[in-house]
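Here is the structure we will look at.
The values are calculated or read from the model by the stated rules, or taken from the named source; none is laboratory data. What you are looking at is a predicted structure, and each value in this text was computed from that prediction instead of being measured. Methodologically, a virtual Cβ is constructed for each residue, glycine included, from the backbone with ideal geometry; neighbour enumeration extends over all protein chains shown. For accessibility, only protein heavy atoms count, side chains too; no ligands or nucleic acids. Shrake-Rupley method; radii C 1.70, N 1.55, O 1.52, S 1.80 Å.
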Amino acid sequence: MLGSRSGFISLVKHKNPNVLVTHCFIHRQALVSKTMPSSLCANLAIVIKVVNYIESGASNTSLFRQICEGMDATHQSLLFHTQVRWLSKGNMLARVFELKEEVDTFLKMKCKMDLLTEFNKPEIVSHLAYLADIFEALNELNRKLQGRDTNIISHTNKINAFISKSKLWRRKIMEGNTCSFHRLTDVLCNEPFSAQLHKDIMEHLDCLGREFTKYFPGINTEDPLIAMVRNPFKCVVETIPEDIQEEFLELVHDSFSKDEFQIFSLSDFGPKCIWLIQSSVNKLLKLFYLSHQLIYVSLDFQAYLLSKQSLETN
């Protein structure tokens with residue numbers, strides 16, 4: 001419905017090409033997480049199959065709980081993975097990795113040799129460890145994109161930081177260094193990993209990089225106008241468009257504004273600085289337009305979050 005080719009967005013841009021459109025950062029991050037190489041997808045399917053079998057009935061669940069209690073496990077149950085719950089895949093993988101010995105014991109007691117054979121393959125264990133680590137990082141990014149006092153600039157900073165981390169992980173894996181993936185390091189026990197595992201991880205990290213580039217073309221956070229919105233007191237007047245240079249100077253030389261900038265968040269300070277430097281509605285709208293409506297979008301995003309949280313509370 002909101003498609004950029006034939007949906008609402010394309011119809012709006014046909015009427016006004018200057019409209020700034022942004023797609024939910026959290027949804028885009030979830031879409032990025034879905035793409036994986038075929039080998040990792042196949043082994044992930046095996047893990048999900050094992051989880052579904054253990055949690056398929058009350059008798060299986062009860063037996064697995066008894067096994068966990070007998071082996072002094074921290075948890076006594078596995079977690080389901082569902083497509084609509086974006087964090088569930090990482091949580092499910094982490095729990096299976098934590099209880100892999102209990103899962104092995106359960107499958108032996110149930111004589112499910114087909115699942116046991118598949119689950120105990122060396123590549124399954126190493127893939128499980130890697131997937132649990134990488135989805136833990138993706139879940140952490142997802143949580144950082146949630147909450148109050150967020151805006152397009154802060155979200156872009158977090159996404160760019162994760163992309164840089166993924167490039168660092170790729171360089172380390174290329175050198176045979178798995179220190180960034182603690183579960184995988186524990187599984188390998190300082191032994192060199194196989195060429196196939198190396199290929200699968202490299203392929204997945206490359207895939208993540210391509211998907212992030214595809215879904216997050218992003219904004220240039222070093223653009224003078226965006227830099228002005230982020231911190232106007234560090235900008236040079238010559239980099240500001242001539243139409244608002246005088247108003248800009250009024251703001252940066254206002255001592256009260258400097259004090260308030262240290263106290264308020266970007267979403268709170270934005271309207272205050274606009275009120276201080278604008279004396280007419282026309283100039284206000286001009287600044288919004290020249291700033292690519294960045295503050296406007298930030299305020300709309302805040303209004304959406306607040307209204308959503310209010311509805312959930314009520």
For this session: At 1.4 Å probe size, with no ligands or nucleic acids counted, give the accessible surface of VAL47 in Å², nearest ten.
Result: 10 Å²
Exercise. Which chymotrypsin sites (Phe, Trp or Tyr not before Pro) does the range 71-143 hold that lie in a coil by DSSP with at most 14 other beta carbons within 10 Å?
Worked result: PHE80
Problem set entry | ASN52/ALA73 FRET efficiency (R0 25 Å; Cβ-Cβ; nearest 0.05) | 0.80
Exercise. How much of the accessible area of the range 152-249, probe 1.4 Å, is carbon plus sulfur, in whole percent?
Worked result: 51 percent
For this session: Find how much the distance from SER88 to ASN177 grows on full extension, using 0.36 nm per residue of separation minus their present alpha carbon separation; answer in nm with one decimal.
Result: 29.3 nm
Exercise. Could you give the dipole magnitude of the range 115-155 about its Cα centre, charging the beta-carbon of Lys and Arg +1 and that of Asp and Glu -1, in debye to the nearest 20?
Worked result: 180 debye
Problem set entry | the range 100-114 - phi-based ³J(HN,Hα) in whole Hz, Karplus 6.51/-1.76/1.60, Gly and Pro as x | 5, 5, 5, 5, 4, 5, 4, 5, 5, 5, 8, 6, 8, 5, 5
Exercise. Per-residue HN-Hα couplings for the range 168-176, Karplus 6.51 cos²θ - 1.76 cosθ + 1.60 at θ = phi - 60°, whole Hz, x for Gly and Pro?
Worked result: 5, 4, 4, 5, 5, 5, 4, 8, x
For this session: Please work out the FRET efficiency for the pair SER255 and GLN196, using the Cβ-Cβ distance as r and a Förster radius of 51 Å; give the result to the nearest 0.05.
Result: 0.20
For this session: For the range 29-43, take each phi angle, set θ = phi - 60°, evaluate the Karplus expression 6.51 cos²θ - 1.76 cosθ + 1.60, and give the result in whole Hz per residue in order, putting x for glycine and proline.
Result: 5, 5, 5, 4, 5, 6, 7, 9, x, 4, 5, 5, 4, 5, 6
